[in-house]
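Before any comments, here is the structure.
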Amino acid sequence: MKDCLNKLPEEIKDLIYLISDIACKDNTAVYLVGGFVRDLILGVKNLDLDIVVEGDGIGFAQKLAVEFNVKLVSHKRFGTATIMARPHLKIDISSARKEYYPQPAHLPVVSAGALKDDLYRRDFTVNAMAISIGVKDFGRLIDFFGGRRDLLNKKIRILHNISFIDDPTRILRAVRFEKRYNFNIEPKTLKALKESVRKNMLCKVEPQRLRDELILILKELHPLDQIKRAWKLTGLDFISSRLSAFDKKTCCLLERVEKEISWFKNNYHHRRHLDDWLVYFMCLTSSLSIDDVRASCEKFVFRAGEEKRVLIYKKIRTKFIFSLSKEKIKPSKIFASLEPLSYEVILLLKAKYANKFFQKHIEDFLEIYNGARISISGHDLHALGAVPGPDYKKIFSRVLNAKLDGSVKTREEELELVKKLLRTRIHTDKKTD
């Protein structure tokens with residue numbers, strides 16, 4: 001495997017050799033493991049290094065953190081640590097461990113172990129390989145369980161018969177890897193998976209762990225394949241007990257969502273990061289009531305901003321869609337309707353409603369109106385005699401609407417409009433007196 005390591009991008013290769021040198025000086029046995037090894041063999045890009053140390057993993061991670069002059073996040077209970085060696089390069093370091101499950105579907109109890117113990121505790125054979133990066137045997141592949149053979153044969157295989165009972169989240173991982181790499185779940189593994197499903201094991205897992213696995217599926221490049229497979233094998237009631245159907249309508253909407261996300265990224269990659277997975281989640285749960293969706297968000301302990309976006313989508317009514325489906329609407333009206341919504345909600349609406357005027361108004365908003373700003377500031381209003389307070393917001397809104405609708409274009413015209421608004425206000429106040 002040394003040749004494969006040497007073909008890595010220079011930045012990654014240099015990092016691995018540096019870790020190897022530090023391990024040599026420390027007389028520590030260090031191995032690349034897991035997904036990095038799998039993807040290296042497959043020739044798939046993977047910038048996250050996963051390292052196992054036979055010995056004190058956290059201690060070794062501390063030495064790396066000093067070497068790279070970065071902060072360390074450690075979890076002493078599990079003997080693991082994470083450092084960001086570069087802004088885009090994450091390294092997970094752990095002590096070699098063995099584990100047992102005191103109860104099915106619960107977190108395991110871990111203790112110190114050898115490399116073989118650590119690899120045996122992993123989900124599938126293709127993820128249970130290691131590459132030594134010690135100086136004496138740098139690049140040696142360690143494959144106790146036939147992972148490389150399964151990679152070549154495109155098989156997803158568990159390491160022991162009760163793997164899906166011990167950790168039912170492996171069901172969702174099996175689906176994710178199978179579809180990502182176009183592999184097949186081998187027959188005995190599929191039988192064990194179905195037995196775990198029959199026992200309803202997924203619903204016995206801590207909801208936050210299910211959330212994490214679901215999000216990983218929804219972050220895949222083409223998640224519809226994984227969603228269909230998950231639905232076929234397990235159903236989707238682990239998301240909500242009321243999510244009992246995955247109909248053609250939802251499937252078509254997911255396909256359109258994927259196209260809209262791709263369109264947005266191609267045209268607006270400079271905008272803020274898009275939470276693709278959240279768009280897919282909103283789509284998956286679109287048939288549920290707002291109360292059921294809220295319950296799912298609370299069960300999965302979504303962040304406040306994530307739950308807010310999901311619930312805002314559920315609160316959108318037919319009147320809102322109808323108002324944006326007319327041919328002629330003032331830009332200020334389009335702006336007022338769409339500006340409060342997140343990109344995730346807007347893209348789902350664009351995928352869901354095919355009306356050509358609705359589509360055009362969304363495209364105009366994203367291309368022209370989104371982020372529109374006026375030139376004047378509070379200092380200008382103060383200089384013109386406006387008293388600070390609620391009126392500032394009203395005046396700014398009137399000026400922005402005028403700019404969107406094209407009745408003012410320059411800073412000078414904005415100031416003239418403010419003067420007019422202030423005169424009107426003074427005149428109105430005198431009348432009231």
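Below are the figures for this structure:
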{"quantity": "Residue ID - farthest from MET84 (Cα to Cα), chosen from residues in region 28-69 that are among the β-branched types (Val, Ile, Thr) and under 28 Å from the mean Cα position of the chain (by Cα)", "calculated": "ILE41"}
{"quantity": "Which listed residue is within 25 Å of ILE158 (Cβ to Cβ) and of a type in the set (S, T, N, Q), from SER20, SER94, SER74", "calculated": "SER94"}
{"quantity": "Where a residue in region 353-364 is open to solvent by less than 30 Å² (accessible area, probe 1.4 Å) and its partner, wherever it lies, is outside any helix (DSSP H, G or I) and among the hydrophobic types (A, V, I, L, M, F, W, C), with Cβ under 7 Å and at least six apart", "calculated": "PHE358/LEU324; HIS361/LEU324; HIS361/ILE329"}
{"quantity": "Output for region 235-274, where each listed residue is under 30 Å from LEU193 (Cα atoms) and charged (D, E, K, R)", "calculated": "ASP237, ARG242, ASP247, LYS248, LYS249, GLU255, GLU258"}
{"quantity": "Residue match in region 75-82 (condition: crowded, with 18+ Cβ neighbours inside 10 Å, at pLDDT 90 or above and part of a helix (DSSP H, G or I))", "calculated": "no"}
{"quantity": "Qualifying residue in region 332-339 (condition: out of contact with any His (no Cβ under 6 Å at 6 or more places or on another chain), within 19 Å of ILE261 (Cβ to Cβ), at pLDDT 95 or above and not small (Gly, Ala, Ser))", "calculated": "yes"}
{"quantity": "Residue that is farthest from GLY43 (Cα to Cα), among those in region 108-142 that are part of a helix (DSSP H, G or I) and open to solvent by 50 Å² or more (accessible area, probe 1.4 Å)", "calculated": "ASP117"}
{"quantity": "Criterion violated by PHE145 - all others in (1) surrounded by fewer than 19 Cβ atoms within 10 Å (Cβ to Cβ); (2) of a type outside the set (Ser, Thr, Tyr); (3) modelled with pLDDT of 95 or more; (4) not in a helix (DSSP H, G or I) satisfied", "calculated": "(1)"}
{"quantity": "Near pairs, Cβ below 6 angstrom, 6+ apart or cross-chain, from region 177-194 (in contact (Cβ under 8 Å) with a residue 12 or more places away in the chain) to any residue that is part of a helix (DSSP H, G or I) and among the hydrophobic types (A, V, I, L, M, F, W, C)", "calculated": "ILE185/ALA174; ALA192/PHE164; LEU193/PHE164; LEU193/ILE171"}
{"quantity": "Total residues in region 177-210, condition out of contact with any Ser or Thr (no Cβ under 7 Å at 6 or more places or on another chain) and under 25 Å from ALA295 (Cβ atoms)", "calculated": "9"}
{"quantity": "Unique residue being open to solvent by less than 70 Å² (accessible area, probe 1.4 Å) and either without any contact (Cβ under 8 Å) to a residue 12 or more places away in the chain or not β-branched (Val, Ile, Thr) (or both) when the list is ASP275, ASP291", "calculated": "ASP275"}
{"quantity": "Test: residue in region 27-36 that is over 26 Å from ARG149 (Cβ atoms) and open to solvent by less than 60 Å² (accessible area, probe 1.4 Å)", "calculated": "yes"}
{"quantity": "Options LYS188, LYS154; residue that is surrounded by fewer than 16 Cβ atoms within 10 Å (Cβ to Cβ) and within 30 Å of VAL257 (Cβ to Cβ)", "calculated": "LYS154"}
{"quantity": "Test: residue in region 203-218 that is open to solvent by less than 70 Å² (accessible area, probe 1.4 Å), over 21 Å from ARG173 (Cα atoms) and of a type in the set (A, V, I, L, M, F, W, C)", "calculated": "no"}
{"quantity": "Some residue of region 192-200 being surrounded by 16 or more Cβ atoms within 10 Å (Cβ to Cβ) and more than 29 Å from SER286 (Cα to Cα)", "calculated": "yes"}
{"quantity": "Pick from region 344-361, criterion part of a helix (DSSP H, G or I) and aromatic (Phe, Trp, Tyr), ranking: farthest from GLY305 (Cα to Cα)", "calculated": "PHE357"}
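The values are calculated or read from the model by the stated rules, or taken from the named source; none is laboratory data. Everything quoted here is computed from the prediction, not taken from an experiment. Cβ: placed from backbone, ideal geometry, glycine included. Neighbour counts: every protein chain shown. Note: areas computed on protein heavy atoms with side chains; ligands, DNA, RNA excluded. Shrake-Rupley method; radii C 1.70, N 1.55, O 1.52, S 1.80 Å.
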